[in-house]
1. Under a point-charge model restricted to the Cβ atoms of Lys and Arg (+1) and Asp and Glu (-1), what is the dipole moment magnitude of the chain relative to its Cα centre, in debye to the nearest 20?
2. Over region 34-189, what is the relative contact order in whole percent, taking alpha-carbon pairs under 8 Å and six or more residues apart?
3. Work out from phi, with θ = phi - 60° and the Karplus expression 6.51 cos²θ - 1.76 cosθ + 1.60, the ³J(HN,Hα) of each residue of region 42-48, listed in order in whole Hz, and give x for Gly and Pro.
4. Evaluate the distance, in nm, between pseudo-label points positioned 7 Å from the Cα of Ala192 and of Met90 along their respective Cα→Cβ axes.
5. For Cα pairs less than 8 Å apart in space and 6+ apart in sequence, what is the mean separation divided by the residue count of the chain, i.e. the relative contact order in percent?
6. What does a probe at Thr300 reach in region 98-113, counting residues whose amide N is under 19 Å from the point 7 Å along Cα→Cβ?
7. Which ³J(HN,Hα) values in Hz, rounded to whole numbers, follow from the phi angles of region 313-322 under the Karplus curve 6.51 cos²θ - 1.76 cosθ + 1.60, where θ = phi - 60° and Gly and Pro get x?
8. Can you run the Rg to Rh ratio on region 48-186? Use alpha carbon positions and the Kirkwood inverse-distance Rh.
Amino acid sequence: MGFHQAFAKANEVQEMDVFAKVNKSLEKIMPLLTPSSVAIGVLTGSHLQPFAFLSPWVFAFMTFAGSLGSGFKEFAKVLARPLPLLVNLMILHVIMPFIAWGVAHLFYPDDVHVITGFLLAALIPTGISSFLWSSIYMGNVALTLSIILLDTMISPLVVPFGMYVLLGAKVEMDTWDMMQGLFFMIVLPSLAGMLLHHLSRGRVKQTLAPKLSPFSKLGMGVVVAINSSMVSNYFQAWDAKLFGMAVLVLLLAILGYLLGWWMARLFGWERDVIVALTFNSGMRNISAGAVMAITYFPATVALPVVLGMLFQQTLASTFGKFLDVVEKRPQPIGKEVAQ
């Protein structure tokens, strides 16, 4: 019996090593993964479009896998000192949406679909992959997870409400259907992951989460490729309008990172909090935004959202290096600093 247990344990360790190596390799190519997936989607076009129904399901899996690493206790700790979290939410859902809406109105005053796309891209919740980048650059992990989870959970209310306040009746949308979609695609899987973490007393973080992590990253590529195929016709011929749109999307994304960094510095918070706010303010759940744009709006609404996929991971890598230069990186001491 002892031999069989030892053999099973050795197999499990070897299996975990394989998953860890694959996951590490995927992490290294993250800056290339999403742009490449956009290219695949655009080039394959109609061949991937029949699989559009899979996007919400794959995304729900990604959300579930990303939520296994956190429990209700970590969430409660951050809520006890919520100012950094509230500042981040203000950047995500007040400051950046107003800026995006204003910029879109300035450059595309007669194109309500493009304005809708820019606003949607600015209203969607923070990116799940911000946890990865925050971890790599020694950010506050508990704060990062709490921002992701809370922002994810309030998204069924925040996104439709923001669209209604700034667009009103200018664009048709089924608000209730959108809220239901966000709930089943994001909120329910998040709660399921957190509950499993709680019931297993955190063991799933070491057992199940590492096994699902590589598939989650591959899932991101699948979702991006499918959603890019839905707007492939618009990418077939790059014109001045599309190029200008890409530049605006890039500048708005950079502004999000800079606002997170600047606000954290302004409040005098510690480096780990600065890192967390920088990534969580700059990154967006673009895959979710693309699924929403394709599902609930005309195809042109998805253009600003899909364009964001070209820059997201590369910008995250760039701002990681920026933080290493402007913020003194502490030596690892094995303890988590809570803010």
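The values are calculated or read from the model by the stated rules, or taken from the named source; none is laboratory data. Because the structure is predicted, anything quoted here is derived from the model rather than measured. Note: ideal-geometry Cβ built from the backbone for every residue, glycine included; neighbour counts use all protein chains shown. Only protein heavy atoms, including side chains, enter the accessible area calculation; ligands, DNA and RNA are left aside. Shrake-Rupley method; radii C 1.70, N 1.55, O 1.52, S 1.80 Å.
1. 1000
2. It comes to 30 percent, rounded to a whole number.
3. Running phi through 6.51 cos²θ - 1.76 cosθ + 1.60 with θ = phi - 60° gives 5, 6, 7, x, 5, 5, 9 Hz.
4. 3.6
5. 34
6. Answer for this model: 101-113.
7. 6, 5, 5, 4, 5, 5, 6, x, 5, 4
8. 1.00
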